[in-house]
Each structure stands twice: as structure tokens, then as C-alpha cells.
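The values are calculated or read from the model by the stated rules, or taken from the named source; none is laboratory data. Source: prediction; values computed, not measured. In this analysis, Cβ positions are derived from the backbone assuming ideal geometry, glycine residues included, and neighbour counts consider all displayed protein chains.
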Amino acid sequence: MTFRDKNAGALVLFSGGQDSTTCLAWALENFVHVETVGFDYGQRHRVELSCRTALRSGLAGLSSRWRERLGPDHTLSIEALGAISDTALTREAAIALGDDGLPNTFVPGRNLLFLAFAAALAYRRGVVDLVGGMCETDFSGYPDCRHDTIMSMARTLSLGVDRPFFIHTPLMFIDKAATWALAQELGGAALVRLIVEDTHTCYLGERGQRHDWGYGCGACPACELRARGWEKFVTEAGTEAGMSPDKG
Ligand code: ZN
């Protein structure tokens, strides 16, 4: 990847989950100024939003360079997204596969809306690099996570504000195990530990039970994906320091 300007800033779409936290670490490694944005749209797993502050301080504590680079956090409320979505993410319903072959956790066009809001904010902040955790490798079939969708969106945003926008998706072509491995590469066992302890993935917002891979119900599609990726990562990496399940 080439960067237009080593001194450029970036805005990371930061939900407080495993993927966006790994992306935030990636951005802190690659940009000299990094801001974060989170979206409140009435999601059932809103608990993820409260993880964000702890994760930001955790990341700042891992490296003095990252601490210097980490800029302000922004939270945008998009209540309308909850109102127009009839999905298992925004109301009390069982998570299941819909008639269209997509799980009913799919909020139509969610990433497009997030990116449009992020771009508007980035424009005001003088930033043209957006970073997001979209991934088409072992995704749940969400069409707005695909590389083609994201590239098309970058083009649309650039045209819409007459300024080049770049959307970086470091996880696009890697699976969950490789996402854990990327965290290990960026911040070592300490970053892996931070992600296990403080990120939130579970669609149901469960944080009661601590598994090897972190907190969650252990049964919803998001938990299953995270657990599977962890198992593969640990198997491939071996049980090195910090990845031991019995870590306090
Ligand atoms: Zn879960």
C-alpha cells in the first residue's frame, strides 16, 4: 500500500469490536494523526459503544507513538437507521437466515450510511483517509462489506465532495484467524490481550461469560465466527505468552 502523504491523518470507523480495534491499531501504525468515529443506531449490542473508551486508552497505553498519534473520538447518533431497519440487530428477535439467504442481522446499506457520515465528518476534520474493518473473506454475506462496494463508495464520495477520498480496509481479504494474527503483529501479545478483554463482538450484547476469545453468548453468528477464528489462530500460532486461555 502506498500513502499519498506520510503526514496525513485518518478517520477510523471504530465500533469497539475486534475488527475495528485491529483497524485502529493498523491506522495508528500507518498514519501520524488518527481520529475515531462510532455510530449509535439503537443496536442491541450497544454495549460495544461503551467498550470504545477503554480500548482507546488501552491502545494509547501500548505504545508512546500510538498515544501521540491518537486524536479525538466522535460519536454520531443515527437513530433513523434503527427506525428503518427491521432486523435482529435492532429489535428483540431471534437471529436466523431470511428468505433472501442473508441472516436477519443484516441492516440494509449500513456500511454505506456509516461511510457517508464518516466522510462528511472527515471532510470537516480535513481528513481524506477513512479506515474500516469491512471484510469479504468470512463475512456473513453482507453485500455492503464487499471490496467492490467499498471501492465504488470511495469513488462516489470523492465525486460527491469533489475531493479524493480513500477507504482503507486492511481486513478485506483475510479471515478472522488472520485478523488475530494481524493484531499480534501490530501490537504483540498485549494487543491480543486487550482485544480479548475489552472488545465486543456478540450480537446479543452479552458480556456475562468469559471465553478464551473474550466475552459473548458463544452461540450467535458473531460469537461463533470470533471463536472459530480464535481456535485457528491459537492452533497456528501455538500457545505463546499472552494467548494462554487461563490468563488472569
Ligand atoms: Zn453472541
Might you check whether a residue that is modelled with pLDDT under 95 and either among the hydrophobic types (A, V, I, L, M, F, W, C) or surrounded by 15 or more Cβ atoms within 10 Å (Cβ to Cβ) (or both) occurs anywhere in region 67-75?
-> no
Please enumerate the residues belonging to region 155-171 that are under 13 Å from Ala122 (Cα atoms) and in contact (Cβ under 8 Å) with a residue 24 or more places away in the chain.
-> Leu157, Val161, Arg163, Pro164, Phe165, Phe166, Ile167
Subset tally (residues that are within 16 Å of the ligand (Cβ to nearest atom) and of a type in the set (Gly, Ala, Ser)) for region 165-197 | 0
Count of region 219-234 residues which are part of a helix (DSSP H, G or I) and more than 18 Å from the chain's Cα centre (by Cα) = 4
What number of residues in region 198-218 are within 11 Å of the ligand (Cβ to nearest atom), in contact (Cβ under 8 Å) with a residue 40 or more places away in the chain and either over 20 Å from Gln184 (Cα atoms) or not in a strand (DSSP E or B) (or both)?
-> 7
Scan region 21-49 residue by residue and report those that are over 12 Å from the mean Cα position of the chain (by Cα), part of a helix (DSSP H, G or I) and at pLDDT below 95.
-> Val47
Residue within region 1-11 that is at pLDDT below 95, closer than 14 Å to Pro170 by Cβ and touching a Pro at 6+ places or on another chain (Cβ under 9 Å) present | yes
Which one is farthest from the ligand (Cβ to nearest atom) among residues in region 219-228 that are closer than 25 Å to Tyr41 by Cβ and touching a Phe, Trp or Tyr at 6+ places or on another chain (Cβ under 6 Å)?
-> Arg226
Quick count over region 50-75, residues being part of a strand (DSSP E or B) and under 9 Å from Leu28 (Cβ atoms), is 1
Of residues in region 47-58 being in contact (Cβ under 8 Å) with a residue 60 or more places away in the chain and farther than 13 Å from Phe14 by Cα, the one surrounded by the fewest Cβ atoms within 10 Å (Cβ to Cβ) = Val47
Looking at Leu130, is it at pLDDT 95 or above and either of a type in the set (Phe, Trp, Tyr) or under 16 Å from Leu24 (Cβ atoms) (or both)?
-> yes
Identify all residues within region 179-212 that are within 17 Å of Cys135 (Cβ to Cβ) and among the hydrophobic types (A, V, I, L, M, F, W, C); write none if there are none.
-> Trp180, Ala181, Leu182, Ala183, Leu186, Ile195
